[in-house]
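As structure tokens, the structure follows; a few thoughts come after it.
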Amino acid sequence: MLHHLSIDLETYSSVPIAKAGAYKYVQSPDFEILLFAYSVDGEPVQIVDLAQGEILPDWLYRSITDPAFIKHAYNAAFEWYCLSKFCGLLLPVEQWRDTMLHGLYCGYTAGLDATGKALGLPAEKQKLSMGKALIRYFCVPCNPTQANGGRTRNLPKHDPDKWELFKTYCRGDVTTEMEIERRLSNFPVPDAVEKQWQTDLIINARGVAVDMSMVQGALHIGDSTREQLMAEATELTGLENPNSIQQLMGWLEPRVDDMVTDLRKETVATMLENGTAKDEAARVLEIRQELGKTSTKKYDAIEAAVCSDGRVRGLLQFYGANRTGRWAGRLVQVQNLPRTYIGQLPLAREAVRNKEADKLRLLYGSIPDTLSQLIRTSFVASPGNKLVDADFSAIEARVISWLAGEQWRLEVFRTHGKIYEASASQMFGVPIEKIKKGNPEYALRQKGKVAELALGYQGSSGALVAMGALKMGIPESDLPDIVSRWRESNRRIVDLWYSLESAAVSVIESGSPAGVRNLILMREIDPANGLDYLTITLPSKRKLYYAHPSLTTNEWNKPSILYYGSNQTTKQWSQLETYGGKLVENVVQAIARDCLAVAIEHLEAAGFPVVFHVHDEVVIDIPEDKANLDEVVRLMTPPIPWAPDLPLNADGWIGDFFKKD
């Protein structure tokens, strides 16, 4: 018989968890578990006060590794790793379930307190508001003062009343976690997604090796370069702080031709391009540009998070992208690392490792820009290993073509794959053979490219501008024509926008299910718990959830879709609006995510250990004699059972360090 063991731990470590991440935090020599709160099968919560000498009952200690006990926790990756350290081995991941994942799967936020409030939990089942203060008091080092006798840590004996309150708080977390699980029990996480989460635990705990000598060299060069630039700016301007926007704008005002309205990156670039700033003013603006690139935050993040064995762990947040279920970056944010454009990367890396700033400047010009590009090369293969990197080719373009049934596009992806040229050919009625370098028709490829990147999710001229159409040299007057030509060439995709929006409106209004292509839309309600969702079932059978859906009327007097979710700007739980193109974007990115998840499972099962992944790209760290790119591509691109006719392709490289070709 299976039992359900709900757990919450309170812990201490001198390592700052927010900067260093949970893995380095737990690996700290002074890490300890203070409190172990638990409930078996929903019984009243019990607590073991390990900090004051209590020990776990034998049955409870055995249950940590006993498959008859399914362990539940909120952000269970933390409890799993803490108890792995406690037991001296990595615990079996298949015995664990994450209530935070359950909340994220159903469209809620990551925080326990925020999710409890969004679900309408009564106050006594929400987290105690003073919890953060108690954590600061007992779980992190304190500053030594005369009043506290010079101690660097608060123990239970230093404030017994607070300690009793802390135990109540810990019990309350278990109560909240169980109540969230109970309320969401009618909307289960699919087994396949649970398995992906378990694989993610293993990947995050595995970590990726980093070249710390290069990281330290980059930090040294970055600091010295910044000091030199600041000194030059101070000498040129005579300002106390030339990095102050207010001071610098006042100094620039009489020295430039136009009025200085702000000093944003784009404004500074425009002033330099237009020649409105001369001599010293131009140089000061150039310095400001350089200073904008001198941020070593990602190198700082690597240094803060690297464990004693030279690996960074916990780079990925499973289901971090709330609407689609995609992974999100954590700590170093590998999802948005700068690209590598410079040549001779080994030479540049060696110069950084040796702290040779002058050599970098001589070879590459801008030191800040070079350091920025080299950040991703800090991630390296383990000794004796190679990195194998492979990514899906044009995955979103392939998925939207397949989902919409846009046959000419599918034929492109099943043959030559040149979607930018093919799109330009369709849009402008030019044979694709003519759209090649050396021909005047090749200029059309740029329009095909920007249209492909900007218009698939109901974007218009503004989306083309945001994607850089004007910077590509495309006149603004051409943009409406590009939009209309792309839409005319992709009628099935356009139909998909409106069909999906119409189906969502119909489902919200009537409560009756509706199907659009390979998708099923439903209104799913649990009146007893006050839950109401618009769901979209994907081909993988995973669902996207839109909580408390409703309709309003937009400015064109047509129905508009509302739901509750996490606002990407404010991070608050609030009412959001969506439309057909946005729903298509959610669905396409979600299907692309599911393709990646399938690929990761194939790779792991075949003995290709993934160390991290980015959107549609996997990075594998494997002994050199097993580094086989062809086999990795083969494992990533077989027909997917739930989408056998989706044409997938992948490509990549083998090397010693991470890069972006």
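In segment 470-480 there is at least one residue that is under 21 Å from Phe428 (Cβ atoms), of a type in the set (S, T, N, Q), part of a helix (DSSP H, G or I) and open to solvent by 70 Å² or more (accessible area, probe 1.4 Å). Inside segment 392-441, residues that are assigned to a helix (DSSP H, G or I), surrounded by 15 or more Cβ atoms within 10 Å (Cβ to Cβ) and of a type in the set (Asp, Glu) make up a count of 3. Among the residues of segment 550-594, those identified as within 30 Å of Ala394 (Cβ to Cβ), polar (S, T, N, Q) and within 20 Å of the chain's Cα centre (by Cα) are Ser566, Gln568, Thr569, Asn586, Gln589. Segment 321-388 holds helices (runs of 4 or more DSSP H) entirely within its bounds, and those carrying 1 or more residues that are among the basic types (Lys, Arg) map to 345-353, 357-364. For the criterion of being in a strand (DSSP E or B) and either surrounded by 12 or more Cβ atoms within 10 Å (Cβ to Cβ) or not acidic (Asp, Glu) (or both), Lys24 fails. On the basis of being modelled with pLDDT of 95 or more, of a type in the set (Lys, Arg) and closer than 15 Å to Leu34 by Cα, does Lys195 make the cut? No: the conditions fail for Lys195.
Whenever a residue of segment 423-446 is more than 21 Å from Pro475 (Cα to Cα), its partners that are in a helix (DSSP H, G or I), lying with C-beta atoms within less than 7 angstrom and at least six residues away or across chains, give the pairs Pro431/Ser425; Ile432/Glu421; Ile432/Ala422; Ile432/Ser425; Lys434/Glu441; Lys436/Tyr442.
A quick yes/no check of all residues on (1) basic (Lys, Arg); (2) at pLDDT 95 or above; (3) touching a Phe, Trp or Tyr at 6+ places or on another chain (Cβ under 9 Å); (4) more than 19 Å from Gly515 (Cα to Cα):
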residue: Leu544; (1), (2), (3), (4): no, yes, no, no
residue: Ala547; (1), (2), (3), (4): no, yes, yes, yes
residue: Glu555; (1), (2), (3), (4): no, no, no, yes
residue: Lys558; (1), (2), (3), (4): yes, no, no, yes
residue: Ile591; (1), (2), (3), (4): no, yes, yes, no
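Evaluation of Ser308 against the conditions (1) open to solvent by 10 Å² or more (accessible area, probe 1.4 Å); (2) over 23 Å from Pro383 (Cβ atoms) shows that the sole unmet condition is (2).
If I filter segment 443-455 for residues that are under 30 Å from Val210 (Cα atoms), open to solvent by less than 60 Å² (accessible area, probe 1.4 Å) and of a type in the set (Asp, Glu), do I get at least one hit? The answer is no, given that none of the residues of segment 443-455 is under 30 Å from Val210 (Cα atoms), open to solvent by less than 60 Å² (accessible area, probe 1.4 Å) and of a type in the set (Asp, Glu).
Filtered by the rule that a residue be touching a residue at least 24 places away in the same chain (Cβ under 8 Å), of a type in the set (A, V, I, L, M) and farther than 20 Å from Ile302 by Cα, segment 345-390 gives Ala357, Leu360, Val388, Ala390. Picking from Leu337, Leu291, which residue would you name as being in contact (Cβ under 8 Å) with a residue 24 or more places away in the chain and within 26 Å of the chain's Cα centre (by Cα)? Selected residue: Leu337, the only one of Leu337, Leu291 that is in contact (Cβ under 8 Å) with a residue 24 or more places away in the chain and within 26 Å of the chain's Cα centre (by Cα).
Elements of the type strands (runs of 3 or more DSSP E) sitting completely within segment 550-661 and holding at least 2 residues that are open to solvent by 60 Å² or more (accessible area, probe 1.4 Å), touching a Leu at 6+ places or on another chain (Cβ under 6 Å) and farther than 20 Å from Phe318 by Cα: these cover 573-578. Within segment 296-321, residues that are on the phi > 0 side of the Ramachandran plot have Cβ atoms under 6 Å from residues that are of a type in the set (Gly, Ala, Ser) in these pairs: Gly310/Ala209; Gly314/Gly21; Gly314/Ala22; Tyr319/Gly325, counting only partners at least 6 apart in sequence or on another chain. Within segment 497-534, being outside any helix (DSSP H, G or I), on the phi < 0 side of the Ramachandran plot and free of Cβ contacts under 8 Å to residues at least 24 places away in the same chain holds for Ser512, Pro513, Ala514, Gly515, Val516, Ile520, Leu521, Met522, Ile525, Asp532. Residues that are surrounded by 22 or more Cβ atoms within 10 Å (Cβ to Cβ), under 24 Å from the mean Cα position of the chain (by Cα) and not aliphatic (A, V, I, L, M): does segment 212-219 have at least one? Scanning segment 212-219 turns up no residue that is surrounded by 22 or more Cβ atoms within 10 Å (Cβ to Cβ), under 24 Å from the mean Cα position of the chain (by Cα) and not aliphatic (A, V, I, L, M).
The values are calculated or read from the model by the stated rules, or taken from the named source; none is laboratory data. In this text, all values refer to a predicted model and were calculated from it rather than measured experimentally. Methodologically, a virtual Cβ is constructed for each residue, glycine included, from the backbone with ideal geometry; neighbour enumeration extends over all protein chains shown. For the accessible areas, the whole protein counts, side chains as well, though only heavy atoms, and no ligand, DNA or RNA atoms are used. Shrake-Rupley method; radii C 1.70, N 1.55, O 1.52, S 1.80 Å.
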